[in-house]
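Before any comments, here is the structure.
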Amino acid sequence: MSAYLELEAQRRSHPVRGALLRRAISRIRRAAQATRPLGASAAPLLPQCTDPAGLLRVLEGARRQIPHYARTLPAFDAEPERAIEAFAELPFRLRREELRRDTSSLLVPDVAGRRVVIDSKDSTLRNLGRLLRGGALIANRTAGSTGSPLHFVEERSSGLARFHAIVRELAYLGWREGEGFVLCAQRGMHSALGVADVVLRSLGFRVFLFDRMDEQMCRRVARLLRRMQPTALMGFPSCLSDMAGFLLDEGAGVPPPGFALCGGEVLFDHQRARIERAFGCPVFDTYAAHELGGPLAIECPQRDGLHVFEATHLVETEPDGEILVTTLDQCEMPLIKYKTGDRGELVVEKCPCGVEGKKLRNLDGRIEDHLLDCQGRRVYASYLRQLLHEVDEGGTGPLEGAVFRQQGAGCVRFELQPVNQALGPAALDEVARALERDLGVPAEGNLVTTLDRPSGKRRFVFREDVAPGGWTA
Ligand SMILES: [Zn+2]
């Protein structure tokens, strides 16, 4: 039996039927469109700036209402004109573990006290009822690619705000209301998806769900794209890149979407090139996090860094490049100087597109996704990105993908998945030599036809850190 199911098939087999569903859908559509206009009629996405008074309100409200901040957040009484500068100096960090340990201590009391939760464990019908009545909380979680996922709840208004933030990104890149949109998402990555599916469908958005990537899934999504001819195609870069590989192998064309928008993982140059070749459209990158309310930054047509959404997210970086985020409009669970675990370079500059402000460059993925060189220094994804790009361009590639594993600062073992196995041995040699030269550690690799890695968000660096003397290799 196929592991892949299109939403259409899922809906056909679902117990929700007929008039009841139609009424519910029209109510959702009215509610969504009444709260904020969709798409093109929204105000321009960029530029954005941070309102210092808004930041002060967030800090004051958090200290007054939220138990965790009442205990730990230092008093902050800067004048509005100096607020952002002074905030940069504030000796406070919110760690992921604190969110993982007890989410309720980070919620405003009104929300923390509510008991009705929309959860994927319940039927879609029951969840729809709760969603329409309002007041219920939506259970949500992160992908959990680097350990156990974060579980948290949000209000209906926050779910809608997340949706609108994505719609505004699409509109910024040229999608217009009424045009086709396809999101390729991995099943299980979003809780309460039964309800989300119904809501998104009612608004004309298609979610293509898959459990794992294979040829059959690629054929299905290709058929869907031919039928829908979407303007916007969205998904993880690894997922879209796998599909691109299939389309190129098969010589199977699809009508070019207006653009593809990648998010959720580091977008490698070789992936971008392949997606552009196969789908015949430009590829843009966005940076988003579930617990931070959705998208934080997006590439403009210049594609030289991602413009930060400064009105809703105050982004800073630690000296080691870790990205810190303060949410400015996440009312039920404001996150303050939240250590995202992601690395990037933050610059303030005027972009050739005309927008001046904060930009994120060289997004490097998770901070724990690194290799160690012979002196124990961290080597991040940007190095590997460049290395794989050189292999891809250098005539020994192209590559479908790669995975690197290392214990401590020992031998790097890697797997390359070349598009053409005949070209692979030269690529192996090139990567091994480069790692030995640049990191000063031994490296050995294999050619594989499929990469062995966990499902979910794709990672490409795996560390097994062991206590000194505890080598198991
Ligand atoms: Zn720009």
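The values are calculated or read from the model by the stated rules, or taken from the named source; none is laboratory data. Model, not experiment: these values are computed from the prediction. Cβ atoms come from the backbone with ideal geometry, glycine included; neighbour counts cover every protein chain shown.
I'd like the full set of residues that are among the basic types (Lys, Arg) and closer than 15 Å to Leu173 by Cβ, limited to the range 264-291. Step through it out loud before you land on a result.
Of the residues in the range 264-291, the ones among the basic types (Lys, Arg) are 272, 274, 277.
Selection gives Arg272 alone.
Out of the residues in the range 293-307 that are within 16 Å of the ligand (Cβ to nearest atom) and on the phi > 0 side of the Ramachandran plot, state the one that is surrounded by the most Cβ atoms within 10 Å (Cβ to Cβ).
Gly305
So in the range 43-58, with the set limited to residues that are part of a helix (DSSP H, G or I) and either in contact (Cβ under 8 Å) with a residue 40 or more places away in the chain or assigned by TED's automatic domain parsing to the domain that holds Glu316 (or both), which one is farthest from the ligand (Cβ to nearest atom)?
Out of the qualifying residues, it is Val58.
Which of the residues belonging to the range 385-400 are touching a strand residue (DSSP E or B) at 6+ places or on another chain (Cβ under 7 Å) and either within 16 Å of the ligand (Cβ to nearest atom) or not in a loop (DSSP other than H, G, I, E, B) (or both)?
Result: Leu388, Val391, Asp392, Leu399, Glu400.
In the range 261-287, which residue that is of a type in the set (Phe, Trp, Tyr) and away from the ligand (no atom under 16 Å from the Cβ) is surrounded by the fewest Cβ atoms within 10 Å (Cβ to Cβ)? Write out each step before concluding.
Step one: filter the range 261-287 for residues of a type in the set (Phe, Trp, Tyr), giving 268, 279, 284, 287.
Filter again for away from the ligand (no atom under 16 Å from the Cβ), leaving 268, 279.
Details: Phe268: 24, Phe279: 22.
The extreme case among them is Phe279.
Taking interchain pairs and intrachain pairs at least six residues apart, which have beta carbon atoms under 7 angstrom, with the first residue in the range 245-258 and surrounded by fewer than 13 Cβ atoms within 10 Å (Cβ to Cβ) and the second not aliphatic (A, V, I, L, M)?
none
Does the range 308-334 hold any residues that are assigned to a loop (DSSP other than H, G, I, E, B), more than 16 Å from the ligand (Cβ to nearest atom) and either closer than 21 Å to Leu267 by Cα or in contact (Cβ under 8 Å) with a residue 40 or more places away in the chain (or both), and which are they?
Within the range 308-334, Ala311, Thr312, Asp320, Gly321, Leu328, Asp329, Gln330, Cys331, Glu332, Met333, Pro334 meet the criteria.
Would you please name the residue that is surrounded by the most Cβ atoms within 10 Å (Cβ to Cβ), looking only at residues in the range 53-97 that are β-branched (Val, Ile, Thr) and closer than 20 Å to Val108 by Cβ? Even if it seems obvious, please write down each step before you answer.
So in the range 53-97, the residues β-branched (Val, Ile, Thr) come out as 58, 66, 72, 84.
Remaining after also requiring closer than 20 Å to Val108 by Cβ: 58, 66, 72.
Values: Val58: 21, Ile66: 23, Thr72: 15.
Result: Ile66.
When Gly341 is evaluated against the numbered criteria (1) assigned to a strand (DSSP E or B); (2) within 16 Å of the ligand (Cβ to nearest atom); (3) at pLDDT below 95, which criterion, by number, is the only one it fails?
(2)
Name the pairs whose Cβ atoms lie under 6 Å apart, with the first residue in the range 364-385 and touching a residue at least 60 places away in the same chain (Cβ under 8 Å), the second surrounded by fewer than 20 Cβ atoms within 10 Å (Cβ to Cβ) and of a type in the set (Asp, Glu), and 6 or more positions between them or separate chains?
Cβ pairs passing all conditions: Val379/Asp373.
Just one of (1) surrounded by fewer than 22 Cβ atoms within 10 Å (Cβ to Cβ); (2) at pLDDT 95 or above; (3) not hydrophobic (A, V, I, L, M, F, W, C) trips up His290, so point out which.
The single condition His290 does not satisfy is (2).
Let me confirm something: among Val315, Val403, Val379, which residue is in contact with a strand residue (DSSP E or B) (Cβ under 6 Å, 6 or more places away or on another chain) and more than 30 Å from Val419 (Cβ to Cβ)?
It is Val315.
Can you tell me which residues in the range 383-406 are more than 21 Å from Asp364 (Cβ to Cβ) and surrounded by fewer than 22 Cβ atoms within 10 Å (Cβ to Cβ)?
Across the range 383-406, the qualifying residues are Gly394, Gly395, Thr396, Pro398.
For Arg385, which of the numbered conditions (1) at pLDDT 80 or above; (2) closer than 30 Å to Asp249 by Cα; (3) of a type in the set (Lys, Arg) fails to hold?
(1)
Which count do you get for residues in the range 346-373 that are touching a strand residue (DSSP E or B) at 6+ places or on another chain (Cβ under 6 Å), modelled with pLDDT under 95 and part of a strand (DSSP E or B)?
3
State whether one or more residues within the range 294-307 are part of a loop (DSSP other than H, G, I, E, B) and not assigned by TED's automatic domain parsing to the domain that holds Asp249. Steps first, please.
Residues of the range 294-307 that are part of a loop (DSSP other than H, G, I, E, B), as a first pass: 300-305.
Those left that are additionally not assigned by TED's automatic domain parsing to the domain that holds Asp249: none.
Looking through the range 294-307, none of the residues is part of a loop (DSSP other than H, G, I, E, B) and not assigned by TED's automatic domain parsing to the domain that holds Asp249.
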